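The values are calculated or read from the model by the stated rules, or taken from the named source; none is laboratory data. Here the structure is a predicted model, which is why all the values come from computation and not from measurement. Don't worry about glycine lacking a Cβ; one is built from the backbone with ideal geometry, like all the others, and counts go over all protein chains shown. Note: accessible area is taken over every heavy atom of the protein model, side chains too, but ligands, DNA and RNA are not part of it. Shrake-Rupley method; radii C 1.70, N 1.55, O 1.52, S 1.80 Å.
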Amino acid sequence: MTLTKLFGAKVRRKEDPRLLTGRGKFTADIHLPGTCYAVFVRSMRAHARIKSVDVSDALRMEGVIAALTGQDIKDALGAVPTAWLLPGAELKVPRYMPLAVDRVRYVGDPYAVVVASSPYIAVDAAERVKAEFEPLPSVTNPERAVQPGAPQLYDDVPNNTALVWRASGGDVDEVFSRADVIVKQKMFINRLQPTPIETRGVLAVYDRYAEKATVYITSQFPHVHRLLLSEITGIPEHRLRVVSYDVGGGFGSKGHCYGTEAVVLYLAMRLGIPIKWIETREENFKSTIHARERVVYAEAAAARDCRVLGLRVKCYANLGAYLSTFAPGIASLVFGGTFPGPYNIQAVSVEVVGALTNTAPVDAYRGAGMPEGTYVLERLIDLIAKELNMDPADVRARNFIPRDAFPYRTPMGLTYDSGDYEKAFRKALELAEYWRWREEQERGRAAGRLIGVGISSFVELSGLGPSAAMRAVGLSLGFWESAVVRVHPTGKVTVFTGGHPHGQGEETTFAQIVADKLGVSIEDVDVVHGDTELTPFGLGTYGSRTATVGGGAIALACDRIIEKGRKIAAHLLEVREEDVAFEAGRYYVKELPERQKSIQEVARAAYAAGVNELPQGVEPSLEATAFYDPSNFTFPFGTHVCVVEVDPETGQVKILKYVAVDDCGNQINPMIVEGQIHGGVLQGLAQALYEEAVYDESGNLLTSTLADYLVPTTVEAPDIITDFTVTPSPHNPLGVKGVGEAGTIASTSAVANAVLDALTHLGVRHIDIPLTPEKILRALGKIQ
């Protein structure tokens, strides 16, 4: 592909040939001589006191090497850490051990582990572990969990209340007192299971001679994983290597540290042999983090001219049986920071009660609090429109923050960097043929057709950083990113990044940044990531941060290389440094552009380091290290429009049209951006229509297989029309904003609003998601 500018070009992904031809290297693909296999024994009860665990029958089996209980290792391993210690929220972090010691607290809670020479023997041996339990009452609903008299999970967390977070801005009581219209709605936001195609896994090996451990793991943040594993096991960081090669999807679920991972590492150290554990799909559904679930009470105040004056939101967030890595902040601050979205609403109040329940832990999943917040806000906007007998599009248009108001300080204390919300909104309406569908809707109603049109306008908090802000709200680390860019003597380039892409395409986009900056061929740039022994410390890939923060670090490192190269080129050309310009991979004399040196020639000179090649005081080699700590978050935005038809006899929903108009600032690779939007839309659509993790009253997970948990396929995927506006971030070195989560944040509410719009004339005000045929038919009075 011949391109004059790589930044902004639709370059095919460099990583795809290996991934599409079966040459990827995933954790399960790694085989070491002498490897033995771990299988965890997990609770089948939601809440019970452990009276005894007997592993003797398992140990008598041929091929079994070890069988250990939580009691056996309680003094060898520390508790599973929580990395977001939210201040000012009455936070209570219960002590949660890698293997349950005294109590099991959810179905899937591990309390023993078996190691055998083959995974099949290990499975059989695990079934021979005998345990005696004293059943205890359980609670799964977050609102009920915090009521007096509810079953208690921990003695030191009264009423199961792990946190109470409150934030507000503006005079909320005053605007509600003078409002012409107040709408109120209780909403239940369904629990999700992330369901990556690759389940989690660990292969750990300990070198007793070097006293060093290597952990091959499914991870979104290898360096952070190393830090957290070090804290649990006591292995010093410099003696612990974490390697994560290809990762088959994460969506946030592999951006947390789990106790089972530390147990596998401990077993490798204790037994002196490589230990491997690959999660089954049932384990993945029962024990890997879940997401989203909360009970919300929301109110909006509006004037008769449809200006939205204020918001009040209180919610009970289900945190599961223990506080996962980022759970406290995702449930509260990220959710609360979603308000007031793209709207000029001057008064907002949000309260979040974080509840511990007898369910799997709940933490960040694609969008991480923002899909929930956007859903609440966009439902309220539609309810205001209904109350005022106005079109939902007109209400939104009346309330957008104007383009000349940026940077814009929200009532919740965030500063939006840049935006033109109405422009994206108008483009989405045009592409969706919004007003034509409104006419079609009216005609259809006369014929008994149920057509609905839904809108979702959103703002995303992305590019996680800056460190000062993140530390101030309780994160255990700053959220900068790192990069080393090395130009080799032949002019080839290797990039070492602290990020860890796993499907986002950064092996390509990072190479595009470097190739464009340095003027080299993209084929001459390799990107190395995922190995703590090779790459600089970095915070990893999640929160739509890799292109913004990781890419920013790479851009800064390239700038430093260019400046060092300018000194060397000036020496080679025998001119002053300020007389040398750099463009498209060549240094040239400004007044005599024919006098030039290529970056390859400069790189050769940098390594040759002779008197005629390096100026005095300049160190040999041509590489640079950069750490980028952004001054602010970035704030992508957009509007999605969905048109649906509901079958009044079956309750089935058919998507007739879906339009996504997004603004993620400057685009490094528009093809990859479109792919991220497509995938995100489908995940958000899944929450609106299909997916829900369901527990019964006894705490049993009823959706523990793919036969019960409805993940959409290409059959359910609609055609998605994508378009963009471009509003660069003024503070990011590349002007980019991030796009990995935008589709998920917008689509749930766009689809839900469309379905409910199709039913509103029949007296249906609200149905909780997912909008299944059964729920729709019940709302229509077709079934009881």
Note to self: Test of the criteria: in the range 206-254, which chymotrypsin sites (Phe, Trp or Tyr not before Pro) are in a DSSP loop and have at most 14 other Cβ atoms within 10 angstrom of their Cβ?
What the structure shows: Tyr209
Check: Around His529, with a cut-off of 10 angstrom between Cβ atoms, what is the net charge of the other residues, counting Lys and Arg +1 and Asp and Glu -1?
Finding: -3
Checklist line | Residue-level accessible surface for His238, protein heavy atoms, 1.4 Å, Å² | finding: 130
Item checked: Calculated from backbone phi, Karplus (6.51, -1.76, 1.60) coupling profile of the range 247-255 in Hz, x at Gly/Pro -> 10, x, x, x, 6, x, 5, 9, x
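Using a simple charge model, +1 on the beta-carbon of Lys and Arg, -1 on the beta-carbon of Asp and Glu, nothing else, what dipole does the chain show about its Cα centre, in debye to the nearest 20? Show your work: numbers first, answer last.
Numbers: 80 positive and 94 negative charges, 70 e Å.
Computed about the Cα centre, the dipole is about 340 debye.
Helix-derived [θ] at 222 nm for the chain: sum -39500 (n - 2.57) over DSSP H runs of at least 4, divide by residue count, nearest 500?
On the way: 20 runs with 212 residues, N = 784.
Using -39500 (n - 2.57) per qualifying helix, the result is -8000 deg cm²/dmol.
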Next item on the list: Apply the membrane-span-like helix rule to the chain: whole DSSP H runs, Cα extent along the own long axis of at least 30 Å, mean Kyte-Doolittle hydropathy at least -0.5. List the helices found.
Entry: 551-573
Checklist line | the range 470-586 - charge dipole about Cα centre, Lys and Arg +1 at Cβ, Asp and Glu -1, debye rounded to 20 | finding: 280
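Once you keep just the Cα pairs under 8 angstrom separated by 6 or more residues, what percentage relative contact order results for the range 492-649?
Details: 210 pairs, mean separation 33.3, N = 158.
Relative contact order, the range 492-649: 21 percent.
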Check: If eta is 0.890 mPa s and T is 25 °C, what Stokes-Einstein diffusion coefficient results for the range 602-706, Kirkwood Rh from Cα pairs, in µm²/s?
Finding: 121
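Output needed for the range 415-496: three equivalent-ellipsoid semi-axes, defined as square roots of 5 times the C-alpha gyration tensor eigenvalues, in descending order, whole Å. Before the final figure, lay out the partial values.
Values: eigenvalues 458, 93, 30 Å².
Semi-axes, largest first: 48, 22, 12 Å.
Calculated FRET efficiency, Asp579 and Ser467, Cβ-Cβ r, R0 25 Å, to nearest 0.05? It would help to have the intermediate numbers written out before the result.
Values: r = 39 Å, r/R0 = 1.54.
That gives a FRET efficiency of 0.05.
Under the definition of Cα pairs under 8 Å and six or more residues apart, what whole-number percent is the relative contact order of the chain? Numbers along the way, then the final one.
Values: 1969 pairs, mean separation 119.9, N = 784.
Reported relative contact order: 15 percent.
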Checklist line | Solvent-accessible heavy-atom area per residue, rounded to whole Å², over the chain at 1.4 Å | finding: 37
Check: Around Glu623, what is the net charge, scoring Lys/Arg as +1 and Asp/Glu as -1 over all other residues with Cβ under 11 Å from its Cβ?
Finding: +2
Next item on the list: Order the peptides 147-160, 756-769 from the highest to the lowest mean number of other Cβ atoms within 10 Å of their residues.
Entry: 756-769, 147-160
Margin query: Only bridges whose two residues both fall in the range 424-566 count here: according to DSSP, what percent of them are antiparallel, nearest 5?
Written below: 55
Next item on the list: Could you pull the accessible area for Tyr266 with a 1.4 Å probe, rounded to 10 Å²?
Entry: 40
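Tell me, what does the Kirkwood hydrodynamic radius of the chain come to in angstroms if you use every pair of distinct C-alpha atoms?
Values: mean 1/r = 0.0361 Å⁻¹.
Roughly 27.7 Å, rounded to one decimal.
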Checklist line | For the chain, with +1 on Lys and Arg beta carbons and -1 on Asp and Glu, the positive-most of Ser287, His678, Val53 along the dipole | finding: Val53
Check: Farthest toward the dipole's positive end in the chain, which of Pro630, Pro593, Leu759, given Cβ charges of +1 (Lys, Arg) and -1 (Asp, Glu) about the Cα centre?
Finding: Leu759
Item checked: Listed residues Ile522, Val107, Pro194: farthest to the positive end of the dipole of the chain (Cβ charges) -> Val107
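Counting other Cβ atoms within 10 Å, keep those with at most 16, restrict to DSSP loop, and tell me which GluC sites (Glu not before Pro) in the range 626-683 are left. It would help to have the intermediate numbers written out before the result.
Numbers: sites: Glu645, Glu649, Glu674; in loops: Glu649.
When the GluC sites (Glu not before Pro) of the range 626-683 are filtered for loop state and at most 16 Cβ neighbours within 10 Å, Glu649 remain.
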Check: Cα-based Rg (one decimal) and Dmax (whole number) for the range 1-91, in Å?
Finding: 24.2, 70
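Rounded to the nearest 5, what % of DSSP beta bridges with both residues in the range 172-248 are antiparallel? Could you put the intermediate results ahead of the total?
Details: 6 of 10 bridges.
Among the beta bridges of the range 172-248, antiparallel pairing accounts for roughly 60 percent.
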Item checked: Amide proton proximity set for Ala48, modelled H, under 5 Å, gap of 5+ -> Val104, Leu136
Check: For the chain, what % of the accessible area comes from carbon and sulfur atoms, probe 1.4 Å?
Finding: 50
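What is the magnitude of the charge dipole of the range 313-426 about its Cα centre, with +1 placed on the Cβ of each Lys and Arg, -1 on the Cβ of each Asp and Glu, and no other charges, expressed in debye to the nearest 20? Before the final figure, lay out the partial values.
Details: 10 positive and 12 negative charges, 7 e Å.
Charge dipole, the range 313-426, about its Cα centre: 40 debye, nearest 20.
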Next item on the list: Check the straight Cα-Cα distances from Lys25 and name the aspartates and glutamates below 14 Å, setting aside those fewer than 8 residues away within the same chain.
Entry: Glu15, Asp16, Glu198, Asp246, Asp531
Check: Given the pairs Lys51/Lys254; Lys212/Lys286; Lys92/Lys254; Lys51/Lys130; Lys654/Lys775; Lys130/Lys254, which span a C-alpha to C-alpha distance of over 21 angstrom in this model?
Finding: Lys51/Lys254; Lys212/Lys286; Lys92/Lys254; Lys130/Lys254
Notebook entry, point to check: Tell me, what HN-Hα J-couplings in whole Hz come from the Karplus equation 6.51 cos²θ - 1.76 cosθ + 1.60 at θ = phi - 60° for each residue of the range 137-154, using x for Gly and Pro?
Noted result: x, 10, 9, 10, 8, x, 6, 5, 4, 9, 7, x, x, 5, x, 9, 7, 9
Next item on the list: Place the peptides 107-113, 137-143 in order of packing, highest mean first, counting for every residue the other Cβ atoms within 10 Å and averaging per peptide.
Entry: 107-113, 137-143
Next item on the list: Can you tell me the relative contact order of the range 61-126? Whole percent, Cα pairs under 8 Å, sequence separation 6 or more.
Entry: 46
Check: When the solvent-accessible surface of protein heavy atoms is calculated with a 1.4 angstrom probe, in what order do Phe335, Phe326, Phe582 fall, highest first?
Finding: Phe582, Phe326, Phe335
Item checked: Considering only the range 250-408, percent of DSSP beta bridges that pair antiparallel, nearest 5 -> 50
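Would you tally the net charge around Asn753, using a Cβ to Cβ cut-off of less than 9 Å, leaving Asn753 out, and scoring K and R as +1, D and E as -1?
With Lys, Arg at +1 and Asp, Glu at -1, the neighbours total -2.
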